[in-house]
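Engineer: Let me begin by handing over the structure; questions about it come next.
The values are calculated or read from the model by the stated rules, or taken from the named source; none is laboratory data. Quick caveat: nothing in here was measured; it's all calculated off a predicted structure. Heads up, the Cβs are rebuilt from the backbone with ideal geometry, glycines too, and the neighbour counts pull from every protein chain shown. Areas reflect the complete protein model, heavy atoms only, side chains present, ligands, DNA and RNA absent. Shrake-Rupley method; radii C 1.70, N 1.55, O 1.52, S 1.80 Å.
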Amino acid sequence: ISRSMIQIAIIGLGRIGASLGLALRRNKGANYEVLGHDREPRAAGYAEKTGAVARIEWNLPRLCEHADVLVLALPLSEMRETLALVGLLARPNSVTLDTTPLKAPVLAWAEELFPPDRYFIGGHPILNPALLHDGNIGVDAARADLFEHSLFALIPARSAPPEALKLGHDLARFVGASPFFMDAAEHDGLVAATDAVPGLLAAALLLAVTESSGWPEMRKVA
């Protein structure tokens with residue numbers, strides 16, 4: 001990317017997307033502009049009002065055509081459809097980064113849908129340890145320090161050149177995180193072990209306890 005002012009577009013302005021915007025925009029004098037898009041008018045308006053983005057671009061194809069860096073802070077269920085649009089409309093040599101916690105399917109979609117001159121890096125921002133359990137979600141919970149003193153996993157597509165990797169690395173540093181690279185299989189295995197498995201065990205325990213004959217008494221102190 002050779003332009004003097006880089007355009008960063010954040011698509012999806014929930015807690016993660018808006019927090020990324022707030023963290024990026026606190027770097028005064030940086031040579032980038034942060035724009036945003038969200039299909040939900042309330043989220044988009046709130047993100048603009050709080051300064052998470054410089055402005056909202058409602059026309060998603062136009063945003064894709066002009067952005068140098070696209071950050072997809074979207075649920076996994078919306079990712080393939082969005083990647084298809086980005087792969088079709090993004091400018092040549094642009095870099096796209098996502099934030100979903102599952103990487104293998106997203107990387108496979110990007111490699112299928114992106115032409116050779118559009119680059120993709122899978123990303124997984126880990127939250128500031130002090131904020132892991134505050135329970136807040138949505139754009140109202142966005143904050144500039146959400147990624148401070150944390151890690152930012154980067155899982156690049158095989159076709160991503162060194163310049164794209166550096167850009168992903170720099171973006172992670174700009175939001176206050178420590179970036180590190182890993183492959184998709186390792187990442188998804190670690191996420192399953194540390195997130196999915198504990199959740200399943202907790203659900204199984206709850207089910208077993210609530211179906212026991214002593215539950216009416218236990219629930220008084222549960």
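Engineer: If you scan the stretch 72-93, which residues turn out to be over 15 Å from the mean Cα position of the chain (by Cα), on the phi < 0 side of the Ramachandran plot and either in a helix (DSSP H, G or I) or touching a residue at least 40 places away in the same chain (Cβ under 8 Å) (or both)?
Structural biologist: Residues satisfying the conditions are Glu81, Ala84, Leu85, Val86, Gly87, Leu88, Leu89.
Engineer: Does Gly36 satisfy the criteria of being over 23 Å from Leu131 (Cα atoms), outside any helix (DSSP H, G or I) and under 17 Å from the mean Cα position of the chain (by Cα)?
Structural biologist: yes
Engineer: Only residues in the stretch 131-159 that are on the phi > 0 side of the Ramachandran plot count as the first member; pair them with residues that are exposed (fewer than 13 other Cβ atoms within 10 Å of the Cβ), Cβ under 8 angstrom, at least 6 apart or cross-chain, and list the lot.
Structural biologist: His149/Pro129; His149/Ala130
Engineer: Could you please find all residues in the stretch 39-54 being under 18 Å from Ala144 (Cβ atoms) and not in a loop (DSSP other than H, G, I, E, B)?
Structural biologist: If the condition is that a residue be under 18 Å from Ala144 (Cβ atoms) and not in a loop (DSSP other than H, G, I, E, B), then Ala43, Tyr46, Ala47, Glu48, Lys49 are the ones that fit.
Engineer: May I ask you to list pairs of residues, at least six apart or on different chains, whose Cβ atoms are under 8 Å apart, with the first in the stretch 196-221 being within 30 Å of Leu102 (Cα to Cα) and open to solvent by 100 Å² or more (accessible area, probe 1.4 Å) and the second being part of a helix (DSSP H, G or I) and not aliphatic (A, V, I, L, M)?
Structural biologist: none
Engineer: Give the residue that is least open to solvent (accessible area, probe 1.4 Å), with candidates limited to residues of the stretch 160-179 that are free of Cβ contacts under 8 Å to residues at least 40 places away in the same chain and in contact with a His (Cβ under 9 Å, 6 or more places away or on another chain).
Structural biologist: Of everything passing the filter in the stretch 160-179, Pro179 is least open to solvent (accessible area, probe 1.4 Å).
Engineer: Which of (1) open to solvent by less than 70 Å² (accessible area, probe 1.4 Å); (2) out of contact with any Phe, Trp or Tyr (no Cβ under 8 Å at 6 or more places or on another chain); (3) at pLDDT 95 or above is the odd one out, the single condition Thr96 does not satisfy?
Structural biologist: Thr96 satisfies every listed condition except (2).
Engineer: Can you find a residue in the stretch 115-124 that is β-branched (Val, Ile, Thr) and either assigned to a loop (DSSP other than H, G, I, E, B) or over 13 Å from the mean Cα position of the chain (by Cα) (or both)?
Structural biologist: no
Engineer: Check off (1) outside any loop (DSSP other than H, G, I, E, B); (2) under 13 Å from the mean Cα position of the chain (by Cα) for Pro101 and give me the number that stays unchecked.
Structural biologist: Single failed check for Pro101: (1).
Engineer: Pick from Leu107, Leu171: which is of a type in the set (A, V, I, L, M, F, W, C), in contact with a Pro (Cβ under 9 Å, 6 or more places away or on another chain) and more than 20 Å from Gly14 (Cα to Cα)?
Structural biologist: Of the residues listed, the single one that is of a type in the set (A, V, I, L, M, F, W, C), in contact with a Pro (Cβ under 9 Å, 6 or more places away or on another chain) and more than 20 Å from Gly14 (Cα to Cα) is Leu107.
Here is a yes/no grid of residues against (1) at pLDDT 95 or above; (2) of a type outside the set (Asp, Glu); (3) under 19 Å from Ile137 (Cα atoms); (4) out of contact with any strand residue (DSSP E or B) (no Cβ under 6 Å at 6 or more places or on another chain):
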position: Ile11; (1), (2), (3), (4): yes, yes, yes, no
position: Gly21; (1), (2), (3), (4): yes, yes, yes, no
position: Asp38; (1), (2), (3), (4): yes, no, yes, yes
position: Asp68; (1), (2), (3), (4): yes, no, no, no
position: Ala108; (1), (2), (3), (4): yes, yes, no, yes
position: Glu112; (1), (2), (3), (4): yes, no, no, yes
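Engineer: Would you pick out the residues in the stretch 20-38 that are buried (at least 21 other Cβ atoms within 10 Å of the Cβ) and farther than 15 Å from Arg55 by Cα?
Structural biologist: Result: Ala23, single match.
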